[in-house]
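Colleague: If you scroll down you'll find the structure; I have some questions about it.
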Amino acid sequence: MSESNPEAIKKQVKAYIGVLIALCFFTVFTVGVTYFHLPTALALAIGLAIALTKGSMVGLIFMHLNHEKRFIYASLSLTAFLFFVCLLVPVMTDKSSTRMDEHMYHTPTPAPEASNGH
Amino acid sequence: MDIPYTVKTRPDTGLYNGKMGIWLFLASEVMLFGALFSTYVFLRTNYEHWPPPRSGEALSDSRWLAMVNTFVLIISSVTMVMSWASLKLGKFKDAQRHLLFTLLLAGVFMVIKTVEYSLKFSHGLEPSTDVLMAMYFTMTGLHGLHILGGMVVIGYLMGPGKKMWETEPERYTNRIEVTGLYWHFVDLVWIFLFPTIYLMN
């Protein structure tokens, strides 16, 4: 961002404070939602939605993405696409039938003591 | 020989070097953290019973500390961008004060993180305990290293680096902006890390 107009900068400072308040509110809200013991899928959806909202505010206002150059938008679009490929392809293409189960948490039985040989 | 486009923007992209560089770097960081989040999703969806009992409870208990850390990072993001805004308005002392606050808040974050790690270790929870702890220590540890790196850069810009304000104020302002972009990204990662690790387990 390269505005040098003092009035524009002061206006932005007000936006920064507004975003700060909103981020604090959403943070408390996110923690508060966990006390409702919602179904997992719904809780995940709400948590993700709140995180995306907060992330968008940081990106658009603090990182000035609301008025950036096309080169940045193009780079970030490609990055976002590749990110989702990285995130989803392993999960969607996993053909393993074995599930990592409770046996992973099983405390191993101590090995029997070796005899002294006498 | 002067390096071109450290202040003046390139005619093709409309960006100065530092800004283009930091955004490309942040794109690589998205892939780094994205790979870790992807690993977490992959591991979690393959466990029939999640979370592992002891670790899940420990992380749930830590959520208040993590929430405080979230506030700390959000406020540090504001102080960082206010530092840039102060420089745009020609207020160098205000900018330095905001940088100091950012640095102090980052220090607070690291102290709270250290306390959190100590509590885990004292309860016998370590990276090798189970998958959740492995992911927790890896992701928050990597994030913590990024905070430390940011602190080094901010410290430099408050120390030896601040001399540039006297000779090339616009270039110094650009350096603060670029550092701010990195810092906001680190905050952004935490915004996703906090609910993923602490609240959804």
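Colleague: Enumerate the helices (runs of 4 or more DSSP H) found wholly within segment B:94-201, keeping only those where 1 or more residues are within 14 Å of another protein chain (Cβ to nearest Cβ).
Modeller: B:131-158, B:169-193
Colleague: Could you give me the residue pairs with C-beta distances under 7 Å whose first residue belongs to segment A:68-92 and is closer than 19 Å to B:T39 by Cβ and free of Cβ contacts under 8 Å to residues at least 60 places away in the same chain, whose second residue is among the hydroxyl-bearing types (S, T, Y) and not in a helix (DSSP H, G or I) wherever it lies, and which are 6+ apart or on separate chains?
Modeller: none
Colleague: Here's something else I'd like to know. Does B:V178 satisfy the criteria of being buried (at least 20 other Cβ atoms within 10 Å of the Cβ) and in contact with a His (Cβ under 9 Å, 6 or more places away or on another chain)?
Modeller: No; evaluated as a whole, the condition is false for this residue.
Colleague: Of B:G21, B:G56, B:G34, which residue is among the small types (G, A, S), part of a helix (DSSP H, G or I) and surrounded by 18 or more Cβ atoms within 10 Å (Cβ to Cβ)?
Modeller: It is B:G34.
Colleague: Regarding segment B:37-44, can at least one residue be identified that is among the polar types (S, T, N, Q) and buried (at least 21 other Cβ atoms within 10 Å of the Cβ)?
Modeller: Within segment B:37-44 (the criterion being among the polar types (S, T, N, Q) and buried (at least 21 other Cβ atoms within 10 Å of the Cβ)), the answer is no, since none of the residues qualifies.
Colleague: Please indicate, with yes or no, whether at least one residue in segment B:24-47 is closer than 28 Å to A:Q12 by Cβ and more than 10 Å from every other protein chain (Cβ to nearest Cβ).
Modeller: Within segment B:24-47, one or more residues are closer than 28 Å to A:Q12 by Cβ and more than 10 Å from every other protein chain (Cβ to nearest Cβ).
Colleague: Among the numbered conditions (1) under 22 Å from B:F194 (Cβ atoms); (2) in contact with a Phe, Trp or Tyr (Cβ under 9 Å, 6 or more places away or on another chain); (3) modelled with pLDDT of 85 or more, tell me where A:L87 comes up short.
Modeller: For A:L87, the exception is condition (3).
Colleague: Does segment B:154-164 include one or more residues that are among the hydrophobic types (A, V, I, L, M, F, W, C) and either surrounded by fewer than 20 Cβ atoms within 10 Å (Cβ to Cβ) or over 23 Å from B:W23 (Cβ atoms) (or both)?
Modeller: Yes, because at least one residue in segment B:154-164 is among the hydrophobic types (A, V, I, L, M, F, W, C) and either surrounded by fewer than 20 Cβ atoms within 10 Å (Cβ to Cβ) or over 23 Å from B:W23 (Cβ atoms) (or both).
Colleague: Oh, and also: Counting only residues that are over 28 Å from A:V13 (Cβ atoms), more than 7 Å from chain B (Cβ to nearest Cβ) and more than 12 Å from the chain's Cα centre (by Cα), how many does segment A:47-88 have?
Modeller: 8
Colleague: Separate question: In the set B:L142, B:L119, B:L132, B:L148, which member is crowded, with 20+ Cβ neighbours inside 10 Å and of a type in the set (A, V, I, L, M)?
Modeller: After applying the criteria, what remains is B:L132.
The values are calculated or read from the model by the stated rules, or taken from the named source; none is laboratory data. Computed from a predicted structure; not experimentally measured. Neighbour counts run over all protein chains shown; Cβ positions are idealised from the backbone, glycine included.
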